[in-house]
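In what follows, a structure is listed as structure tokens, so that the remarks can point back to it.
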Amino acid sequence: MLAAETYPNYGLSGRYVNEMKVLRSFSKLGMRVMLILGLALLIPWAGNGGWIINGAYAAGTNYYVSPSGSDTNPGTINAPWRTIQKAAKTAGPGSIVNVRGGTYKEKVVFAKSGSAVAGPIVFQSYPGETAIVDGTGLSVTDASSALFTLEDKSYITIRGFELRNLKTAVQYRTPMGIYVSGAGDHIEIRNNNIHHIETNVQAADGGDAHGIAFYGTAAPASLNNIVIDGNHLSNLKLGSSEALVVNGNVETFQITNNIVHDNNNIGICVIGWEGTSPDPAYDQARNGVVSGNTVYNTTSYGNPAYGTDTSADGIYVDGGKDTVIERNVSHHNDVGIEFTSEHKSKSASNITVRSNLVHDNIMGISLGGYDTSRGYTENSKIVNNTLYNNDKKNQGFGQIFIQYDTRNNIIQNNIIYAGTSPVLIGNDYKANTGNVVDYNLYYTAAGGANSVWTWKNATYTGFDKYKSATGNDAHSLFADPLFADPAAPDLHLQPGSPAINAGQNEAYLGAADYDGNARVQGATVDLGAYEAAEASGTP
């Protein structure tokens, strides 16, 4: 979970106000002396319009925007501006722009950056109200056209807006809710509701849209120290694109606690190797965390770019690297979680997929290229996940699907529970080297003798036959994990579950389980996404 806002609006509150209350108890002379000392010692001047209080930034100017305002006003609470664009041209570092509730029909281009010294520029819905930016009737005139556009900007926070209804049917034009490009740092996109951003191009090519998009289009300077947290993205018509994406030279990013659902292509995506950065050495999104997100009802079926294919991922790494995907739930999607590269001879590498719940998808977790013209997955880990009732169309994917060209990956400490399909692991390609599969728990109601496995394009019926033929899963179990209520599904472990204390402790498991509890509470780690408190006697 993320800590509190990096740059809170202190104003005259918090510690400073408490100190002032104490000062008022002294004589007027003493108060003056103490005030001078307080200002000199406790609140040093930071320059450029901001005070530093205990290492944080004091609030700069507060500006206001209202549907009843005028851009000739000074932007005060009693005489607000009319447009967010006016604020975006005017507000400087350390400022907070409060946008009153109501509807604004405009596309906003942010003209200024905040700073490391004076603090970010914060754009927010006025507390207790919702500012709606509505694209109805606005033209998508450029190749990339967004309701909010930031190019080469830093230290900006956008929070609490509703962005909606930017649409086009013109080929090769891309509507977006929020678009960030170029290079910059310390950009936070928080708690926004983005919906009905649409490409309605009726063709297999040239139809694209995004809810939130970060494109690192410079090099070596990157987009970095990025936070995308608590947003709600839904009912997006994306064509061949993604609801929430970081692409190219983007690093040190956090995609956390977002709800992404009912979109007609990929939910959350981390991309490399598309030529987004002008220098291939920097053309991979990297060093990121994708955590605490909920992604569901994601399908490409009926999308003009895909026709009847069901290939949309809830969470997808396409050529990214050095990224942790943890404590997410991905359900009722075409694909729960996938990591690979679509570009031949390029890889997704050092991806750690841990402590996720992946259930009721057409395909559960997938790695490797989807055909021999794609790239590969290497040096990655699938650990401590709970997979349940995937392979919903009985297509032989199993709960984990290992595709073309997988190298030196680890599949460990997972609970892998099949539903109507008896297939546990699917692997139709022989290009599979150095992969380690062990310390997992498998189950299907069909029983161990009737369970089905595919490994290097050979199919085995029965858990023991599969282990003997492949050498995999020497320490793994075939047993009912005793979920609390699989029909719900509540996939916590009941006391006495064979998954308790059955895993292998490793440094890469992470500190917390899906619920945020300590990852290891007994002698050894439990299998699956949840750690059972009973393992350590914790009440």
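Of note:
- Per-residue [θ]222 nm for the chain (sum of -39500 (n - 2.57) over DSSP H runs n ≥ 4, rounded to 500): -2000 deg cm²/dmol
- Answer label for Cα extents along the principal axes in Å (calculated), chosen among (i) 64, 64, 41; (ii) 83, 54, 48; (iii) 86, 60, 42: (iii)
- Working ranking of peptides 308-316, 452-460 by packing, defined as the average number of other Cβ atoms within 10 Å per residue, highest first, is 308-316, 452-460.
- Protein accessible area in the chain, 1.4 Å probe - carbon and sulfur %: 51 percent
- Beyond 32 Å in Cα-Cα separation lie the following of the pairs K86/K167; K105/K392; K153/K381; K392/K430: K105/K392; K153/K381.
- Span-like helix criteria (full DSSP H runs; alpha carbon extent of at least 15 Å along the helix axis; mean Kyte-Doolittle hydropathy of at least 1.6) are satisfied in the chain by 28-41.
- Rounded FRET efficiency, nearest 0.05, which uses the C-beta distance separating A203 from V436 and R0 of 45 Å: 0.55
- Fully extended contour minus Cα-Cα distance, from T459 to S373, at 0.36 nm per residue: 28.6 nm
- As a rough guide to protection, the peptides 229-237, 498-506, 260-268 ranked by mean Cβ packing within 10 Å, highest first, stand as 260-268, 229-237, 498-506.
- Sites N408 and D142, calculated FRET efficiency, Cβ-Cβ separation with R0 56 Å, nearest 0.05: 0.85
- Per residue, the chain exposes 38 Å² of accessible surface when a 1.4 Å probe is rolled over the protein heavy atoms with every protein chain present.
- Rounded, prolate or oblate (a/c below 1.5 giving rounded, otherwise prolate when a/b exceeds b/c) for region 199-258 by Cα gyration tensor: oblate
- Sites S234 and E129 - FRET efficiency at Förster radius 25 Å, r taken between beta-carbons, to 0.05: 0.75
The values are calculated or read from the model by the stated rules, or taken from the named source; none is laboratory data. None of the values given here were measured: they were computed from a predicted structure. Heads up, the Cβs are rebuilt from the backbone with ideal geometry, glycines too, and the neighbour counts pull from every protein chain shown. Accessible surface areas use protein heavy atoms only, side chains included; no ligands, DNA or RNA. Shrake-Rupley method; radii C 1.70, N 1.55, O 1.52, S 1.80 Å.
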